[in-house]
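What follows is a short report on a single structure.
The values are calculated or read from the model by the stated rules, or taken from the named source; none is laboratory data. Not measured: the values here are computed from a predicted model. In this analysis, Cβ positions are derived from the backbone assuming ideal geometry, glycine residues included, and neighbour counts consider all displayed protein chains. All accessible areas refer to the heavy atoms of the entire protein, side chains included, with ligands and DNA or RNA removed. Shrake-Rupley method; radii C 1.70, N 1.55, O 1.52, S 1.80 Å.
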Amino acid sequence: MKKTLLILTLCGLTLIAKSQNTSVEQSTFGLQTGVLGIWAYNEVKLSNSFALRTELGFDFGIWETTYYDDYNSPFILTPVIVIEPRFYYNLKKRAKNSKRIDGNSGNFIALKTSYHPDLALFNTDDAPVVSDFAIIPTWGIRRNLGEHFNYEAGIGIGYSFTFAKRAGYSEDKGGLEPNMHLRIGYKF
């Protein structure tokens, strides 16, 4: 009887230890890079499943649009400011299956809002820089590789508005904008 009671007590303690609150991290900070840029990010916990991601970085682009037809510069590097609420919807399932959730490793749905100001690096032709604002619903995943490294992929489609009049063009332009990203990063 004493052995049975001891075993049940130990099993109960194990269940209590496993039933800790599954949640996004209080705050996580890191750097990420991909084919089209480099970014510093911070994610702050809003609730157990929601985090607010802020991002500051540089987007790299190769232009081939109507705005830049008269210029020879093949690429541009522009700063970007991003505010992105994220809903991590599978953290409990990952924890239940003994998969990692540290560093907000999980699947997410986000509402990416980004702004590119009228500023550019490597603008050798002094082409007028056209700023834009975008709101893009995005689905993505983040996974950890070891203690500090991670990778992230996402896809979405939303709306972008280009402030072309400020750069001297005849009219502003809005339309659909895709978002596809594949990044590797380092979490501090």
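Annotations
- Of all the numbered requirements in (1) over 23 Å from residue 177 (Cβ atoms); (2) at pLDDT 95 or above, residue 56 misses one, and that requirement is (1).
- Here residue 168 clears all of (1) touching a strand residue (DSSP E or B) at 6+ places or on another chain (Cβ under 8 Å); (2) farther than 11 Å from residue 132 by Cβ; (3) of a type in the set (Gly, Ala, Ser) except the condition numbered (1).
- For the condition closer than 21 Å to residue 25 by Cβ and buried (at least 17 other Cβ atoms within 10 Å of the Cβ), residue 88 qualifies.
- Identity of the residue in the range 22-58, assigned to a loop (DSSP other than H, G, I, E, B) and among the small types (Gly, Ala, Ser), that ends up surrounded by the fewest Cβ atoms within 10 Å (Cβ to Cβ): 47
- Pairing each residue of the range 164-175 that is without any contact (Cβ under 8 Å) to a residue 40 or more places away in the chain and at negative phi with any residue that is open to solvent by less than 50 Å² (accessible area, probe 1.4 Å) and assigned to a loop (DSSP other than H, G, I, E, B), provided the two are 6+ apart or on different chains, yields C-beta distances under 7 Å for 171/164; 172/164; 173/164.
- Which numbered condition residue 93 fails, given (1) without any contact (Cβ under 8 Å) to a residue 24 or more places away in the chain; (2) part of a strand (DSSP E or B); (3) farther than 30 Å from residue 171 by Cβ; (4) not polar (S, T, N, Q): (2)
- Per-region count, the range 156-173, residues touching a Ser or Thr at 6+ places or on another chain (Cβ under 7 Å), of a type outside the set (Lys, Arg) and assigned to a strand (DSSP E or B): 2
- One residue from 131, 114, 105, 160 being over 16 Å from residue 78 (Cβ atoms) and polar (S, T, N, Q): 105
- Residue 176 being assigned to a strand (DSSP E or B), closer than 21 Å to residue 94 by Cβ and open to solvent by 90 Å² or more (accessible area, probe 1.4 Å): no
Rundown of residues vs (1) in a loop (DSSP other than H, G, I, E, B); (2) open to solvent by less than 40 Å² (accessible area, probe 1.4 Å); (3) under 23 Å from residue 180 (Cβ atoms); (4) without any contact (Cβ under 8 Å) to a residue 24 or more places away in the chain, yes/no style:
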residue: 99; (1), (2), (3), (4): yes, no, no, yes
residue: 103; (1), (2), (3), (4): yes, yes, yes, no
residue: 108; (1), (2), (3), (4): no, yes, yes, no
residue: 113; (1), (2), (3), (4): no, yes, yes, no
residue: 119; (1), (2), (3), (4): yes, no, no, no
residue: 126; (1), (2), (3), (4): yes, no, no, yes
residue: 132; (1), (2), (3), (4): no, yes, yes, no
residue: 137; (1), (2), (3), (4): no, no, yes, no
